[in-house]
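Before any comments, here is the structure.
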Amino acid sequence: MRHLRQLFVCSVLAIAAIPVGCTADAPDEAEQESDVGSLSLALVGSSSSGATYRLSHAWFDIYGPTARTIYGGGDAPVLTEVLPVGGYNVLLQPGWVLERWTGGGYQPVSASLTSANPVGVFIGEGTTTTVAFQFRADSDVISVGHGRIDIVIGVDDTPLYENTDVACSNGYDDDLDGRADCADPDCQGQPFCAPVGEDTDWECSNGWDDDGDGLPDCADPDCQGYPYCSPVYENTDVACSNGYDDDGDGLADCSDPECQWQPYCVPVGEDTDWECSNGWDDDGDGLPDCSDPDCQGYPYCSPVYENTDVACTNGYDDDGDGLADCSDPDCQWQPYCAPVREDTDWTCSNGADDDGDGFADCADADCQSQPYCAPGLENTDWACSNGYDDDADGLADCSDPDCQGLFICAI
């Protein structure tokens with residue numbers, strides 16, 4: 001354990017290029033009693049096209065017959081370790097960074113580990129054991145291998161592209177053409193670099209000049225036709241009754257000609273039976289109800305006549321002519337108001353002066369033609385034998401010449 005701490009300190013100081021009085025190759029007592037092999041970790045490699053990569057911020061846990069943790073910070077291209085012979089697992093801890101040489105320095109690239117982790121290896125006595133880690137950075141496939149457990153970076157150097165949304169928004173010149181992100185024509189069709197338009201309802205209503213043409217929101221012709229910028233009309237019942245000048249023409253609600261035919265703004269008439277009987281001047285012409293010519297012809301305002309038996313018997317001056325009931329000439333021929341005559345058999349025989357002319361029954365000239373009042377004849381066997389002067393000529397029965405010749409008076 002003492003040697004492990006010493007080795008770790010020496011490794012870190014060696015990476016930092018600080019000369020120290022220790023050697024990474026000196027095995028501890030346990031290792032001196034067994035066969036050993038060497039582990040050399042090469043963290044820098046070149047691709048076939050000459051692009052150089054390195055693995056930095058890399059902690060390797062090596063565990064088997066003994067355990068080691070070694071660190072590659074990126075400053076030292078090679079790490080060296082001595083291990084007893086045996087089987088080991090080499091684990092790359094999270095937090096590593098893969099960097100690419102750009103000519104002026106190393107630049108981190110987006111990468112992922114695609115191989116197994118940890119990797120199993122066997123260290124033989126005095127031999128070199130190989131282990132590999134596989135990475136992918138954009139279109140590059142990078143292998144980190146080793147000899148004598150040398151961990152070496154190898155790169156499958158396919159062309160680098162800057163044509164994905166990630167590559168066009170990471171702040172790097174990924175394809176090394178001197179133009180980073182949206183300044184690279186290869187990025188023009190990617191979402192991050194697509195020109196910002198002002199052609200959605202949100203962009204046309206957020207108060208910003210989204211496309212930078214100096215015309216924000218509805219002032220930008222690109223916004224025309226979107227709901228927020230569509231012309232507002234004042235031609236619905238809601239718009240014509242909300243108290244606002246919705247279309248901005250200086251005329252609000254019913255004062256706007258476009259509202260004239262909406263229900264709220266249609267002129268109020270006085271031309272229904274209700275409006276002509278509610279006591280109000282509904283159309284505002286100064287003439288309420290039936291005094292308004294518009295109400296003429298509606299039932300409530302229709303002329304009232306006094307020419308029915310009901311109207312002529314209700315005690316009212318229904319037609320407003322100052323004459324009520326039978327005193328109104330219009331009632332003269334209604335049954336209730338018809339003059340009472342004494343010219344029926346009934347009225348001529350009821351003992352009353354029905355027509356009020358001072359003559360009752362048959363004494364009234366009007367009764368002369370009625371059967372009850374017709375002059376009686378004394379020229380029948382009955383009339384000439386009943387003991388009455390039927391024809392009132394002062395001669396009764398057979399003494400009346402009118403009875404002569406009848407059988408009753410012949411005997």
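At a 1.4 Å probe radius, which order do THR380, THR129 fall into by accessible area, largest first? Don't skip to the answer; put the middle values down first.
Working: THR380 65, THR129 20 Å².
Putting THR380, THR129 in descending order of accessible area: THR380, THR129.
Starting from the Kirkwood Rh over alpha-carbon pairs, what translational D in µm² s⁻¹ does region 278-352 have by Stokes-Einstein at 37 °C and 0.692 mPa s?
Numbers: Rh = 15.2 Å.
Calculated translational D: 216 µm²/s.
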Checklist outcome for this item: Rounded to the nearest 10 Å², the accessible area of VAL340 using a 1.4 Å probe with every protein chain kept is 100
Next on the checklist: List the residues, sorted by chain then number, that are 5 or more residues from VAL36 or on another chain and whose placed amide H is less than 5 Å from its amide H.
Outcome noted: VAL85, GLY126
Checklist outcome for this item: In region 179-315, taking the dipole from +1 charges on Lys and Arg beta carbons and -1 charges on Asp and Glu beta carbons about the Cα centre, the listed residue (GLY284, PRO191, CYS223) farthest towards the positive end is GLY284
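Any idea what the dipole of region 160-219 comes to, in debye rounded to 20, about its Cα centre with Lys/Arg Cβ at +1 and Asp/Glu Cβ at -1? Provide the component values of the computation, followed by the final result.
Details: 1 positive and 18 negative charges, 23 e Å.
About 100 debye.
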Checklist entry - Under a point-charge model restricted to the Cβ atoms of Lys and Arg (+1) and Asp and Glu (-1), what is the dipole moment magnitude of region 37-126 relative to its Cα centre, in debye to the nearest 20? => result 160
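Ordering VAL119, VAL90 by accessible area with a probe of 1.4 Å, largest first, what comes out?
Working: VAL119 25, VAL90 0 Å².
My answer, sorted largest first, is VAL119, VAL90.
The values are calculated or read from the model by the stated rules, or taken from the named source; none is laboratory data. Please read these numbers as outputs of a predicted model, since none were measured by experiment. Note that we place each Cβ from the backbone using ideal geometry, even for glycine, and neighbour counts take in every protein chain shown. For accessibility, only protein heavy atoms count, side chains too; no ligands or nucleic acids. Shrake-Rupley method; radii C 1.70, N 1.55, O 1.52, S 1.80 Å.
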